[in-house]
1. Based on Cβ point charges of +1 for Lys and Arg and -1 for Asp and Glu, what charge dipole magnitude is obtained for the chain about its Cα centre, in debye rounded to the nearest 20?
2. Stretched out fully, how many nm does the piece from Ser466 to Arg243 gain, at 0.36 nm a residue minus the Cα gap?
3. Based on the alpha-carbon set only, what is the convex hull volume of the stretch 280-346 divided per residue, in Å³?
4. Please quote Rg/Rh for the chain to two decimal places, taking the Kirkwood radius as Rh and restricting both calculations to Cα atoms.
5. List the aspartates and glutamates whose Cα lies under 12 Å from the Cα of Lys460, skipping any in the same chain that are fewer than 8 positions away.
6. Kindly report, to the nearest 10 Å², the accessible surface of Asp529 as traced by a 1.4 Å probe over protein heavy atoms only.
7. Would you work out what percent of the accessible area of the chain, with all protein chains in place, is carbon or sulfur (probe 1.4 Å)?
8. Given the DSSP H assignment, sum -39500 (n - 2.57) over each helix run of at least 4 residues in the chain and divide by its residue total; what's the result at 222 nm in deg cm²/dmol, nearest 500?
Amino acid sequence: MRKLLVRARASSLSPISAPGLALGGLAVALIACGGPPPPVAPIAPPEKPKPVEIAVAPPPDVSPVPEPQGLVAFGRVAHAEASATAIASWTGMPIPGAKEALGAVLGDELASVIDADKPFDFAVRVAGNMRAPSAQFVVSVPLRSLDEAKAKLAKFTLTPMPNGVIKVDGLAPPPKEETDEPRVCVMAATPGSAPARLVCGDQGAIESLAPYAMRTLSIAPSPSDVHVEMRFAAVRDSLESVRRLLPALAGGMLDGKKDMGPATRDIIEAAVGDLADFAVDSDRVTLDIDAKPEGAKARLRYSFRTQQATLTKMLVAGAKEVGFLPPALVGLPADVDMAAWTRPGDPTLYDRPRKLFAAFLDETLAGEMPGADRKAIIALLADRTLPIFQGGMVFGRGYDLDALKAAAAAKDGASASDKQRAEHKAAVATQAVGYTLLRLERPASQVALVIKDWATLGLKVMRAKSAKDKSKQPLPTLRAAGAPAGVKLPPGTTHLELSIPRPVRHDDKGKVTFAPKPVVAHIFIAPSDSSAPGTSWVAVGLDPKLVAGRMLAARTPTAPTLGTRPESKELLATASRSGFLVTPRLAALVKIADRGDRAAASSSADMFATAFATSAPEAPTPEALGGAFVTTIFVPKQAIGATVSTMMRR
């Protein structure tokens, strides 16, 4: 028993259990001594998964880009639908609007995504070099929505491109020639009034012009309903190179013309050279058109960089002389249907052109008439006649409506003889010709002498030709005449009658039936009244009383006149150096002569609606170093409507 206890103690101290006893004792000792328990290692929380980063494309860059190199023209139709509506209101005819026109041209599917109330733009540039230049053209169409356009055009191939641009393959028609560049259309969201645009053109044009059309031209202001601008800077180097080579080129082309005299060569070279200089002088051309309910108004401004060409100098000269209408024009009779005016120009600018023309005329007529007659014609034309018109003038023509109605109403019936029908036509023609007035800045005596010399010289040439041809036809005659019955002419007035024979009439068997009366043209040359000394009036027509009466009315104007017509209000407010006007009454003349009092009775009060064009030079400015030339055109809706209705009336 004792032995068993000894063995049990020995086994309790074996190496296997000793460490456990030691650790247990140590733990009891530490507790007993008051020490803290050992720290427990913290358990780290599980890591959260990192978010997956997805690359987001930056928004398209729609900031403006610079003008492309070689840009020569651009333009805009700002209000296509409103302009079409205005045009329809002018004519009173069912003209389709812009939306209907787009549908007819482009198809309803494409037209449905176009916003016809927003601006349509275009741009043109010159590509290549001077030896092989080419034009690149794009048109930019406003879209209602980019998403809508993508949906409506889904049948075409839509290919995403950089910067949010979408290429639309198959929309543009194929090129006409195999060598032509393919035509391409692209669309994208754009700044400006339209949220998106469709731009079409050749491949090269799209690459160079589409960013400009989408991002720059789209936000340009709209100065008018239609705006077009041309710039010559991009082609100036080419123009100057051509100008330097022009003398050699012209000489080479004319050397083979053995029948061409030196004077003809000189005038051709001068004309071509001056046109080339004019192109080099040119800087910029702008055209603005407004289509408003009250009518159409256009303004064309041609600005110059230099003044090398004679034509340039003629156009920009006289900026200080720009003013309102000349009093002689304002005082024309109220029934004028056409008029024109010019103010005096610089006579020195016409010296060289006049000399070149005189030499050319001398050379041309050398084989046609004796030298003395030839010299007389040249002197009369170049030295005496042209200077008269360089001093400025006023022109007007019209007719007496009541007299024309009376002549046209006297219709010849089916039983009328050939003589009666001929006399009726002559009476209608006399009134249709009406009267023509000229106010010239030269004394009446000088003008009368020039007119007499022209008539005398012309009759001399005709007699010589008649004798050469052994013709037996009667020739015109000229004579001085007194005042028409019941008309008192002012002192110093010359009245000339130019009688022009008419051929005798024959029946079917060749027998003479009657000899019509000659056509007699009456020419009056009268001095102006005391308010305009040194000037004169010339009046021409077939009815002497009508012609003389209208001349006297213009010489000492009393109402009604052109200036008192309500339709002249816009014209009177326009400053100019020259211009012309026309009324629907001129178009109605043909109808009245043909249909007599029926057409005259249907003439409306709008027959005097006045359409006009005026021109005015502008002095040089920093923007136009060579000056500018401005043309203004105004066509009231009444003139358009009256002309259309007159021409459409049967």
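The values are calculated or read from the model by the stated rules, or taken from the named source; none is laboratory data. All of these numbers come straight from a predicted model, not from anything done at the bench. We place every Cβ from the backbone using ideal geometry, glycine too, and count neighbours over all the protein chains shown. Quick note on the areas: whole protein, heavy atoms, side chains included, nothing else; ligands and nucleic acids left out. Shrake-Rupley method; radii C 1.70, N 1.55, O 1.52, S 1.80 Å.
1. Computed about the Cα centre, the dipole is about 500 debye.
2. Working it through step by step, the gained length comes to 75.5 nm.
3. So the per-residue Cα hull volume is 136 Å³.
4. 1.35
5. Straight-distance partners of Lys460: Asp373.
6. Using a 1.4 Å probe on the heavy atoms, I get roughly 40 Å².
7. Carbon and sulfur: 63 percent of the exposed surface of the chain.
8. Per the formula, -11500 deg cm²/dmol.
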